[in-house]
Amino acid sequence: MSHHTIEARELHYVYPDGTQGLNGVSFHIGHGESVALVGANGAGKSTLLLHLNGCLAATRGELRIGDYPVTEKNIKAVRRSVGMVFQDPDDQLFMPTVFDDVAFGPLNLGLPVKEVELRVMQALETVGVSHLSKRPPYKLSGGEKRSVAIATVLSMSPDILVMDEPSASLDPRSRRRLIEMLKTFEHTKIIATHDLDMAMDLCERTIVLHEGRVTADGPTSEIFRNEELLTNSGLEKPLGLQKCPACGAGPVHPTD
């Protein structure tokens, strides 16, 4: 199923003001992989994600989603395959009601109204906010907006799910619900996050970005135990791998 794969070869991106966003990023993500993308602020995580659905175009290098190079010619096919949940849910919510927002994508695919209604309710139920379907998005809490933004992507049935800081603004219960929901998504997932404990729960593989470069790519458990690598990348061990500061016991996360 090559349409579920992502391959980047020597991706470079320079912002209009001359800032180097990506500096030779290369990786291959296979069908069904769950991959965490981690790094300090400014490492290039969001910049890279915005390339995956064509919001940004590489200055140099090649990016492929399945059989399609990410070019202007292929942008519609790429965006049908890649579902992107942005860091700020307000970037995705613009319709009068929650239902309208979640229905927007499927309707634009030309799907029958009955199928659209089914997709909308299934997506809202998946993220636990079906009771909000008639509410205007601007009246929702931050966590509710985040859940609805995820539903707008799930309603499109993407092959690849890309998420930028999905646990931001979520309370512990909503965060746990999100993690359990993402575990049920069987296709390819890329999750850019500062929540390293969530990354441990969801992703067997982690890519570390630092100053626009890939500085590590491997099993999540190995990378998150490498204190020197984490320190050099502006990161800290997940809480689940840290010892209790009071009693010295730990780590609390199961070892692999």
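Just so you know, all these numbers are worked out from the coordinates, no wet-lab data involved. Just so it is clear, the structure is predicted and the values come from calculations on it, not from any experiment. Virtual Cβ from ideal backbone geometry, glycine too; neighbours counted across all protein chains shown.
Key figures
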| item | result |
| --- | --- |
| P(r) histogram, all alpha-carbon pairs of the chain included - 5 Å bins from 0, percent | 1, 6, 13, 17, 18, 16, 13, 9, 5, 2, 0, 0 |
| Value of [θ]222 nm, deg cm²/dmol, for the chain, DSSP H segments ≥ 4, -39500 (n - 2.57) each, nearest 500 | -9000 deg cm²/dmol |
| Difference of contour (0.36 nm per residue) and Cα-Cα distance, GLN122 to THR97 | 7.4 nm |
| Relative contact order [Cα under 8 Å, 6+ residues apart], the chain, whole percent | 24 percent |
| Sorted by Cβ neighbour density within 10 Å, fewest at the top, the residues PHE27, PHE224, PHE99, PHE94 | PHE94, PHE27, PHE99, PHE224 |
| Taking all pairs of distinct alpha-carbon atoms in segment 1-90, Kirkwood radius in angstrom | 13.6 Å |
| Simple spin-label estimate for GLU115 and GLU236 in nanometres, 7 Å along Cα-Cβ | 4.9 nm |
| Between segment 4-59 and segment 109-128, the alpha-carbon center distance in angstrom | 30 Å |
| Which of LEU107, LEU124 has the fewest Cβ neighbours within 10 Å, and the rest in rising order | LEU107, LEU124 |
| log₁₀ of I(q)/I(0) at q = 0.16, 0.21, 0.22 Å⁻¹ - segment 1-53, Debye sum with one point per alpha carbon | -0.52, -0.84, -0.91 |
| Amide H within-cut-off set for ARG135, under 5 Å, with H built and near neighbours excluded | VAL98, PHE99 |
| Ascending count of other beta-carbon atoms within 10 Å, so fewest first, for GLU186, GLU144, GLU236 | GLU186, GLU236, GLU144 |
| Cα-only radius of gyration and Dmax that characterise segment 136-234, units Å | 14.9, 47 |
| Most mobile listed residue (PRO106, PRO96, PRO69) in the chain, GNM with C-alpha springs under 10 Å | PRO96 |
| Spatial extent of segment 75-126: Rg and Dmax, with the Cα atoms as the point set, Å | 11.5, 31 |
| Segment LYS134-MET181, extension gain: residue separation times 0.36 nm, minus the distance between their alpha carbons | 14.7 nm |
| Relative contact order of segment 1-126, pairs being alpha-carbon contacts under 8 Å that are 6 or more residues apart, as % | 22 percent |
